[in-house]
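Structure record follows, encoded as structure tokens.
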Amino acid sequence: MTPVARTGEPPDAGEVAGPALPRSFFARDPLDVAPDLLGRVLVAGGPDAGAAVAVRLTEVEAYRGADDPASHAFRGRTRRTAVMFGPAGHLYLYFVYGMHWCVNVVTGWDGEASAVLLRAGRVVAGADVAAARRAARRRTAVTAGALARGPAALTTVLGLDAGADGADLCAADSAVRLLPGVPATAVRSGPRVGVSAAADRPWRFWVDGDPTVTAYRAGTRAQRRPPAGVTRAAPGLREPLDAVGDGRMEG
DNA sequence: GTCTCGATCGAA
DNA sequence: TCGATCGAGACA
């Protein structure tokens, strides 16, 4: 375990301990699991797998399977999405934009293919390792509180990538565990970030007022598909967005 | 096979 | 505001 000195954040030692949450925690509707994940602590690494980094979750998004057009599982089982169709409590990692990894926890029952995307958190242990991992990907320094802000940043800080796809959070010897932490009490919800399908469903959940929560951004495509004969919408012709204030929408 | 686009991030 | 960068998935 790496000390967290000089980061300005308390170590929260009491929360980075205890038994991992059981599979029954994950084997529920993702809309129930998602808000219940806030305040929980995800730990990756440890004595047998290198330096541990722990993150208290502050922002997540629920994705259902067959009835959620925004879900990777919407079009059925593929090699990439196979993990989502399996038992709850496993990690689903996916690669986006040619450079980023994002991490989900599989929820629900076998074959249902629902999951919760882990979007942001606060590093509560292993901050120096976390900072080094972020620094390897950017030129400017990032503040301690923003180390795990954003799904790709969160995944980077925890050292997760393709090798963690399918990992079982509930296995006794797993290098990645989800600890009870202290469940959040002030939870809000709003539309998911960056999705172009089913963009109106308020399936993003976050800890009210937490500075690590990411700003809201609508999906990049204004229309699901351009009209016939038009290959792409002109940049200036997108539908105007509603004002979103500080980026954290009302629930 | 070929093409399009993406559950993002960071620099300009 | 825009470019990076490449795999998945759709389509021919």
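The values are calculated or read from the model by the stated rules, or taken from the named source; none is laboratory data. Computed from a predicted structure; not experimentally measured. Please note: Cβ atoms are built from the backbone with ideal geometry, for glycine as well, and neighbour counts cover all protein chains shown. These accessible areas exclude ligands, DNA and RNA; they are computed on the full protein's heavy atoms, side chains included. Shrake-Rupley method; radii C 1.70, N 1.55, O 1.52, S 1.80 Å.
Normalised by 2.2 N^0.38 Å, with N the number of residues, the alpha-carbon radius of gyration of the range A:13-237 equals 1.00.
Quick one: ranking A:Arg221, A:Arg138, A:Arg40 by accessible area, 1.4 Å probe, largest first, what do you get? Present the calculation step by step, with values, prior to reporting the outcome.
On the way: A:Arg221 130, A:Arg138 95, A:Arg40 25 Å².
Reading off the accessible areas and sorting them downward yields A:Arg221, A:Arg138, A:Arg40.
What net charge is computed for the residues neighbouring A:Cys170, neighbours being all others with C-beta under 9 Å from the C-beta of A:Cys170, Lys and Arg scored +1, Asp and Glu -1?
That sum, taken over residues with Cβ under 9 Å, equals +1.
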